[in-house]
Amino acid sequence: MSLPVSLIGQADAMALPSPLPFYSSAVRAGFPSPADDHLDTDLDLHTYVVKRPAATYFVRSEGDSMIGDGIHHGDLLVVDRSLEALPGRIIVICVDGELTVKRLERVGQRTYLCASNAAYPPIPIDGRESHVWGVVTHVIHSLPGATVQ
């Protein structure tokens, strides 16, 4: 999955609305409980997804190579540049001048970028020009038919 070169922007530069209502109980996928309809506190989504504002940026995903990890075409990715790119983490990386988002994996002494869609083979990065742009910490996407214009 390639990423467009234009980044959404620094997290600390984003003007987000004030905190939104947050319900204290979880939402069940079964029958609702009438006792769970009370509001507990406010939730500032920015505070929830951005732990290090100076090191965080947002970017839109493109393509379907990470669909198995819940990253869809057009999703908003929250990326933290201060986190270490460790095997198993999903990272934004520039390889040979092209941005991509993949899971970092090591097999023996070799390092690979792996998609979560079987249609895309692993990309070996040993010996290639690459620079990690950060670790993806959150994915935000709209459900089909729920997008507000």
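Quick notes on this structure:
- Within the stretch 130-149, considering residues that are in a strand (DSSP E or B) and of a type in the set (S, T, Y), the one modelled with the highest pLDDT: T137
- Long-range neighbours under 7 Å by Cβ, at least six apart or interchain, first residue on the phi < 0 side of the Ramachandran plot and touching a residue at least 40 places away in the same chain (Cβ under 8 Å) within the stretch 105-116, second among the small types (G, A, S) and outside any strand (DSSP E or B): A115/S65; S116/G68
- Just one of the listed residues (I71, I90) is out of contact with any Ser or Thr (no Cβ under 7 Å at 6 or more places or on another chain) and of a type in the set (A, V, I, L, M, F, W, C), namely I90.
- Subset tally (residues that are modelled with pLDDT of 95 or more and either among the small types (G, A, S) or under 18 Å from I140 (Cβ atoms) (or both)) for the stretch 90-106: 4
- The set of residues in the stretch 107-129 that are outside any loop (DSSP other than H, G, I, E, B) and either modelled with pLDDT of 95 or more or surrounded by fewer than 10 Cβ atoms within 10 Å (Cβ to Cβ) (or both) comprises R110, T111, Y112, L113, C114, I123, P124.
The values are calculated or read from the model by the stated rules, or taken from the named source; none is laboratory data. This is a predicted model, so every value here is computed, not measured. Using ideal geometry, Cβ is built from the backbone for each residue, glycine included, and neighbour counts are taken over all protein chains shown.
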